[in-house]
Ligand code: ACO
């Protein structure tokens, strides 16, 4: 049975650093509140001229370089984002245009917010295991900053998010002990409105009124923070147990966790409940905030660059977010 592995990883974050103290000048908040509640110290904000697909392009080039591959080696692109350059088409085709214009590979956009990258990895693995493709580029990229309500009214959400991109190359492996072991994915649409952006919406008739566009709170992300927090801890623990059961291992066997970065306290609680030592993970939320679909590939890239991912390690990736959607992928690093 063919298996697949991550053969390279890369990332890109905009150079503009926005510290908590910079936000203090824009809204009623404090560095102390933000750090205490979320762990975030600073985040990156994109500047005019930057795009979600463009940042994905930079991350992709770095991932291909890390894997020793060229753009024309790619057989397929999967692009996870909730902040595409255009409402349609998706950002994947723009990446194809700029990365491998001569090779008209398929490009699939995944709209699954914080779990988008985990869902995308499962698709890449399935494509490779069936023999359909041999080299799949999986990208997560987001520009949140220009869509946030940067005011005291929007502070519960706007202090949490940052911009960034990450990418990995997924390829077959002949090593039966390496690569993906389990993918466990879930959704619970009952809670869609606990974390969402309502407008523009196809359920409004007309969708937009010419000359009468009132930008109210429905155009900004709204979040029931406490409810999301509690569900995130519960579901992330559950899904890791589930993935471990499917792979025939125990949570305590996990050597390294790459968790979605929504809140450092969520990740600490998840590890504590699973009895996994806190030093078996790498949190990047301090530097980048929540970059949604990009947090996991950024985490993989930073962990790889710091030498924290070693051949043979049992690695768990886990995330939870809007939808609700959540999931975990277990793999033997190689
Ligand atoms: N600065 C200062 N005060 C603030 C801020 C801020 N930025 N934001 C809110 N407050 C105030 C509130 O108004 C409230 O004041 P009150 O007590 O006078 O009413 C007080 O701080 C406490 O607010 P809470 O919401 O109770 O704070 P909590 O401890 O729950 O932390 C947080 C809030 C950080 C948002 C937390 O609930 C959380 O992280 N939730 C989960 C986020 C998450 O996982 N999101 C999913 C991924 S995102 C995606 O999928 C797109």
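The values are calculated or read from the model by the stated rules, or taken from the named source; none is laboratory data. Predicted, not measured: the structure shown is a model, and the values here were computed from it. Cβ placement follows ideal geometry from the backbone for every residue including glycine, while neighbour counts extend to all protein chains displayed.
Return yes when residue 192 is within 22 Å of residue 81 (Cα to Cα) and under 17 Å from the mean Cα position of the chain (by Cα) and no when it is not.
no
Only residues in the range 148-164 that are closer than 22 Å to residue 266 by Cβ count as the first member; pair them with residues that are assigned to a helix (DSSP H, G or I) and more than 8 Å from the ligand (Cβ to nearest atom), Cβ under 6 angstrom, at least 6 apart or cross-chain, and list the lot.
162/288; 163/145; 164/288; 164/294; 164/298
Out of all the residues in the range 166-177, which are more than 15 Å from residue 133 (Cβ to Cβ) and within 23 Å of the chain's Cα centre (by Cα)?
Selection gives 166, 167.
Can you name the condition, by its number, that residue 166 falls short on among (1) outside the structural domain of residue 16 (by TED's automatic domain parsing); (2) under 30 Å from residue 124 (Cα atoms)?
It is condition (1) that residue 166 fails.
On the given criteria, is residue 191 within 16 Å of the ligand (Cβ to nearest atom), over 24 Å from residue 88 (Cβ atoms) and not in a helix (DSSP H, G or I)?
no
Is the range 112-133 home to any residue that is farther than 26 Å from residue 220 by Cα, touching a residue at least 12 places away in the same chain (Cβ under 8 Å) and in contact with a helix residue (DSSP H, G or I) (Cβ under 7 Å, 6 or more places away or on another chain)?
yes
From the list 183, 191, which one is in the same structural domain as residue 326 (by TED's automatic domain parsing), crowded, with 20+ Cβ neighbours inside 10 Å and at pLDDT 95 or above?
183
Based on this model, can you work out whether residue 17 counts as under 19 Å from the mean Cα position of the chain (by Cα) and within 23 Å of residue 303 (Cβ to Cβ)?
Judged against the criteria, residue 17 is not a match.
Considering (1) within 16 Å of the ligand (Cβ to nearest atom); (2) touching a strand residue (DSSP E or B) at 6+ places or on another chain (Cβ under 8 Å), say which one residue 136 fails and leave the rest.
(1)
Taking the range 194-232 only, how many residues are in contact with a strand residue (DSSP E or B) (Cβ under 9 Å, 6 or more places away or on another chain) and either more than 14 Å from the ligand (Cβ to nearest atom) or assigned to a loop (DSSP other than H, G, I, E, B) (or both)?
Residues that pass the stated criteria total 4.
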